Amino acid sequence: VQAVFRSNLSHLLDLMGSGKESLIFMKKRTKRLTAQWALAAQRLAQKLGATRRDQKQILVHIGFLTEESGDVFSPRVLKGGPLGEMVQWADILAALYVLGHGLRVTVSLKELQSNLGVPPGRGSCPLTMPLPFDLIYTDYHGLQQMKQHMGLSFKKYRCRIRVIDTFGTEPAYNHEEYATLHGYRTNWGYWNLNPKQFMTMFPHTPDNSFMGFVSEELNETEKQLIKGGKASNMAVVYGKEASIWKFQGKEKFLGILNKYMEIHGTVYYESQRPPEVPAFVKNHGLLPQPEFQQLLRKAKLFIGFGFPYEGPAPLEAIANGCIFLQSRFSPPHSSLNHEFFRGKPTSREVFSQHPYAENFIGKPHVWTVDYNNSEEFEAAIKAIMRTQVDPYLPYEYTCEGMLERIHAYIQHQDFCVAPGPALPGAHTPQSPFVLAPNATHLEWAQNASLAPAAWPPAHSLRAWLATPGRACTDTCLDHGLICEPSFFPFLNSQDAFLKLQVPCDSTESEMNHLYPAFAQPGQECYLQKDPLLFSCAGSNTKYRRLCPCRDFRKGQVALCQGCL
Ligand code: UDP
């Protein structure tokens, strides 16, 4: 059956159920964004033309909202607790629905069981039964529940699962045996899924799929209106919970900021001003989302004091014409040195409060400065007050961009097919590429006979040998490209090293998430023994990694030029 775009979301609102504060927040958001989704659907339909889109039957099981997982978020919705996850789930549901797929939504174990056909009262069903869904979107909590209650069919159908995982799961943590052997200890890893089955909030490492969310868009008239109505001396502080006001050097920074600007906050409070928030700050309390947007429309500056990490609010601020000022982290924060990231299945180093804003948006919209240096901080504020910016929203965070990306994933990502002939291994005679004319990297050979129907299409492959200690994520970005883990099999051969003119004295095949790589001291070349361990993330000064890169669409880093 072909999927047909939908523009009326009222049936989706019914599917979402009711009762919980979190669901109320999500439904309000969906309702508010209906017109925007409908317009985006129209545009994407035009862009895709006659492209065939199969309709899928999809179960969305939001594990963190179930009582069985403790549902710690719903009671905090009205108290300034994290809303980013709910923003994202609301948008995922809307995107799947607008794309025209068959949808079921569950937020309790009971509903999950009845949708999976598990007999009530049975902890788990020992038999494998047919699964009535092509795809299941869930989170780590939901994954655990499915493992417990699906019996053998969990193993059989795990390839249909997609895990919404805000901060991402790197391959070294995902591979149970490897993580256990090498001390990649976490609370969440060890699932042995294809790393692309994990879907993140921002494009962290391309080892995972970038899911994202959307921000409200402005039309030209609104943009002009907002630009004209900005108060150049108005600042809004990022963060809804009083605890974010406990940062180091608070008096100094707020003092400097207060010299130039009127400071506004949206910090939750019960009856009195929270003691952490100084008296000169105009605190509005936690605002409903539309009112928060209105506040951003008037403000010039949105300022972060180090926490929360990587939420939606800075994108909304920039989309509403604010400049986002944030601190650089030096040394970077990671699961090794910061409580918040501890136990998360990633070694990613975070160099500022919002790395996406810093690296994908940057100046004039985003200023990342060293807050230890009060002169630099003060100079930034003065410069920002003089700087004119237009409201800006990267395409991948528009409704059309999100629809385009999820459409591509649904039609092309298939983790149920066995990793086929694409793994040449050490002894395959020829790989299908050649050394580029300037002898820096490998390109797909025009006349290569092996042209698999894989996705992304293999001809977008560019392979580079990283410098010592550099990860493939960074190596590809250095060349204006993005790492593409699904291309690793093409590079995992002696022939690839040979073509790159790497002088291998010997070649060995081992399990190591940094392989394929070349170790300089012994002139040794290493191939990857287990495809589940292919990883864009990760580095060690001992190795020069062999990196598969590809191009990407402007404003849509998840998709290559030929990926639609
Ligand atoms: N938000 C809100 N009221 C406020 C401040 C923020 O509704 O007073 C919303 C905001 O629009 C954003 C969401 O809270 O979409 C999550 O924002 P944040 O970046 O703080 O991420 P979190 O830490 O909550 O995941």
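The values are calculated or read from the model by the stated rules, or taken from the named source; none is laboratory data. Note that this is a predicted model, so its numbers are computed, not measured. Ideal geometry is used to build each Cβ from the backbone, glycine not excepted, and the neighbour counts take in all protein chains shown. Side chains are part of the model used for accessible areas, which takes the heavy atoms of the whole protein and leaves out ligands, DNA and RNA. Shrake-Rupley method; radii C 1.70, N 1.55, O 1.52, S 1.80 Å.
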Candidate aspartates and glutamates for bridging to Lys259, where Cα separation is under 20 Å - those fewer than 8 sequence places away on the same chain excluded: Glu251, Glu276, Asp370, Glu375, Glu376, Glu378
For Ser327, net neighbour charge (Lys/Arg +1, Asp/Glu -1) across residues whose Cβ lies under 11 Å away: -2
Ellipsoid semi-axes in whole angstrom, largest first, where each is sqrt(5λ) of the Cα gyration tensor of the chain: 39, 31, 23
Inter-part distance where segment 225-289 and segment 70-87 are each reduced to a Cα centre, Å: 21 Å
CD proxy at 222 nm, helix term only [per DSSP H run n ≥ 4: -39500 (n - 2.57); per residue of the chain; nearest 500]: -8000 deg cm²/dmol
The chain, accessible surface, carbon-and-sulfur percent (1.4 angstrom probe): 52 percent
Within straight-line cross-link reach of Lys529, lysines at Cα separation under 29 Å, skipping those fewer than 8 residues along the same chain: Lys147, Lys155, Lys156, Lys196, Lys344, Lys499, Lys542
Segment 12-49 and segment 497-559: distance between their alpha carbon centers, rounded to Å: 42 Å
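Return the subset of Lys20/Lys110; Lys31/Lys230; Lys31/Lys227 for which the Cα-Cα distance in this structure is over 22 Å, preserving the input order.
Listed pairs above 22 Å: Lys31/Lys230; Lys31/Lys227.
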